[in-house]
Amino acid sequence: MLNTQVGVLSCSGEECLGGTLSRLATRKVMEDLRSGRVVSLCLPLYIAGGQEERDFAKVYPVIAVDGCDKCCAKRATIKYSGEVRDSLIVSELLGEDVALSKNVSARSLKQEHYEMVNQVADEICKRVDQIS
Ligand code: SF4
């Protein structure tokens, strides 16, 4: 399975910090830390019926990254493609405050938030490396 492509499906929570961290960390993994090995899947398109995204998740391993324990990304993957290989809940990693923090958009992040992004990205990388 060396260098198998891995899909990372991040939740798209706009209203809480956990969702923002999920998206930014997933992008960092795809564009920088594991470039070429990770494909990010778009949750809204996935839910809206994006066949390409759903088919990818049926063939390749998928890691779901969710901002809170509602697990929207994981539940959507299970519903439409069958399984997730692994998952990560940001509020379990960083504490419930990230699920409760409201209105922290990507444009208003502070240094402490970027450090959280790095932590989440490192956790995603660990899961990718266990797969590929
Ligand atoms: S998992 Fe939580 S943060 Fe992410 S979209 Fe769902 S409710 Fe919002």
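The values are calculated or read from the model by the stated rules, or taken from the named source; none is laboratory data. A quick note: this is a predicted structure, and the numbers were derived from the prediction, not measured. With ideal geometry, Cβ positions are generated from the backbone for all residues, glycine too; neighbour counts draw on all protein chains shown.
Observations
- Taking the range 89-110 as the range and being among the hydroxyl-bearing types (Ser, Thr, Tyr) and in contact with an Asp or Glu (Cβ under 7 Å, 6 or more places away or on another chain) as the test, only Ser91 passes.
- Of all residues in the range 74-100, those being in contact with a Ser or Thr (Cβ under 6 Å, 6 or more places away or on another chain) and within 22 Å of Gln130 (Cβ to Cβ) number 3.
- Checking the stated criteria, Ser81 turns out not to satisfy the condition of being of a type in the set (Gly, Ala, Ser) and surrounded by fewer than 17 Cβ atoms within 10 Å (Cβ to Cβ).
- Pick from the range 98-114, criterion out of contact with any helix residue (DSSP H, G or I) (no Cβ under 6 Å at 6 or more places or on another chain) and surrounded by 11 or more Cβ atoms within 10 Å (Cβ to Cβ), ranking: modelled with the lowest pLDDT: Leu100
- Cβ-Cβ under 6 Å pairs, at least 6 apart or on other chains, the range 85-96 side more than 12 Å from Lys70 (Cα to Cα) and among the hydroxyl-bearing types (Ser, Thr, Tyr), far side within 11 Å of the ligand (Cβ to nearest atom) and not in a helix (DSSP H, G or I): Ser87/Ala64
- Test result for Ala64, among the small types (Gly, Ala, Ser), closer than 14 Å to Arg127 by Cβ, crowded, with 16+ Cβ neighbours inside 10 Å and modelled with pLDDT of 90 or more: yes
- Of everything in the range 43-61 that is free of Cβ contacts under 8 Å to residues at least 12 places away in the same chain and in contact with a Leu (Cβ under 9 Å, 6 or more places away or on another chain), the residue that is surrounded by the fewest Cβ atoms within 10 Å (Cβ to Cβ) is Glu52.
- Considering the range 2-51, the residues that are more than 14 Å from Val65 (Cα to Cα) and of a type in the set (Gly, Ala, Ser) include one that is farthest from the ligand (Cβ to nearest atom), namely Gly36.
- Test: Asp122 is modelled with pLDDT under 95 and among the charged types (D, E, K, R): no
- Each residue in the range 88-101 was checked for being away from the ligand (no atom under 11 Å from the Cβ) and over 20 Å from Thr26 (Cβ atoms), and 2 pass.
- Residue match in the range 67-84 (condition: within 20 Å of Arg107 (Cα to Cα) and not β-branched (Val, Ile, Thr)): yes
- Residue in the range 67-82 that is more than 11 Å from the ligand (Cβ to nearest atom), in contact (Cβ under 8 Å) with a residue 60 or more places away in the chain and not hydroxyl-bearing (Ser, Thr, Tyr) present: no
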